[in-house]
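The values are calculated or read from the model by the stated rules, or taken from the named source; none is laboratory data. Being a predicted model, the structure only gives us computed values, none of them experimental. Backbone-built Cβ (ideal geometry, glycine too); neighbour counts: all protein chains shown.
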């Protein structure tokens, strides 16, 4: 039986429902972090491992751009790389993340080397980069729509870090405050593009599955973090508390 395409409103509602049910703001590690229950070793482990994701975002977007034949789409999408890489001398989400690393007592060069990243974190992020590189454009773009749900968690994180951790100030957590304005801009374009172009039921299903996949990538990273540093099962080769300090 051939399924009829979803209406635009229904597709958007189903995409948003994925965030309600599956976004990583529901993960217990974030509740632990935002409520001040994390030890400094756990905070540092989060910064070390999240680096793998942060540093891969521009490469993910560059892989996407390499497949775009539409110059107008490339012009809009490349701002994502600029947001994360910044200019030659200053700015960018990657350098703001390294400022956070320094604030929590880590050597930024150590964090940037990626040596302490857990295998599960690396595998999850690499899977996301491959997905965006290899999947149809609609699915690749839809996978980035976790940004629809990001401002809420960034707001919670800013409030929680400032309240509970001495390292937190407007400079050290600037990564999150910048994303409060960057993410909605990206979502406004990407959501409309997906809704405009996913007009067959097959494409709509691909978009929904892509967004689900991305929530699983984010969730898997936190599962690994919890298993390694809250439950105390640090895998061989991963960051050990006390390593990479300033």
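When the residues of region 86-119 are narrowed to those that are free of Cβ contacts under 8 Å to residues at least 12 places away in the same chain and part of a helix (DSSP H, G or I), which ends up nearest to the chain's Cα centre (by Cα)?
Step by step, filter region 86-119, then rank; the result is 95.
Out of 157, 133, which single residue is at pLDDT 95 or above, over 15 Å from the mean Cα position of the chain (by Cα) and part of a helix (DSSP H, G or I)?
Just one listed residue meets the conditions, 133.
For every residue, the table says whether it meets (1) buried (at least 19 other Cβ atoms within 10 Å of the Cβ); (2) over 21 Å from residue 17 (Cα atoms); (3) in contact (Cβ under 8 Å) with a residue 24 or more places away in the chain.
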{"position": "124", "(1), (2), (3)": "yes, yes, yes"}
{"position": "130", "(1), (2), (3)": "no, yes, no"}
{"position": "150", "(1), (2), (3)": "yes, no, yes"}
{"position": "163", "(1), (2), (3)": "no, yes, yes"}
{"position": "179", "(1), (2), (3)": "yes, yes, yes"}
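Pull up region 62-85, narrow it to residues that are buried (at least 21 other Cβ atoms within 10 Å of the Cβ) and free of Cβ contacts under 8 Å to residues at least 60 places away in the same chain, then point me to the one that is farthest from the chain's Cα centre (by Cα).
Top of the filtered list is 77.
Does region 192-200 contain at least one residue that is touching a helix residue (DSSP H, G or I) at 6+ places or on another chain (Cβ under 6 Å), in contact (Cβ under 8 Å) with a residue 24 or more places away in the chain and within 18 Å of residue 49 (Cβ to Cβ)?
No, region 192-200 has no match at all.
Under the condition of being free of Cβ contacts under 8 Å to residues at least 60 places away in the same chain and either in contact with a strand residue (DSSP E or B) (Cβ under 8 Å, 6 or more places away or on another chain) or outside any helix (DSSP H, G or I) (or both), which residue from region 18-58 is surrounded by the most Cβ atoms within 10 Å (Cβ to Cβ)?
Ranking the candidates gives 38 first.
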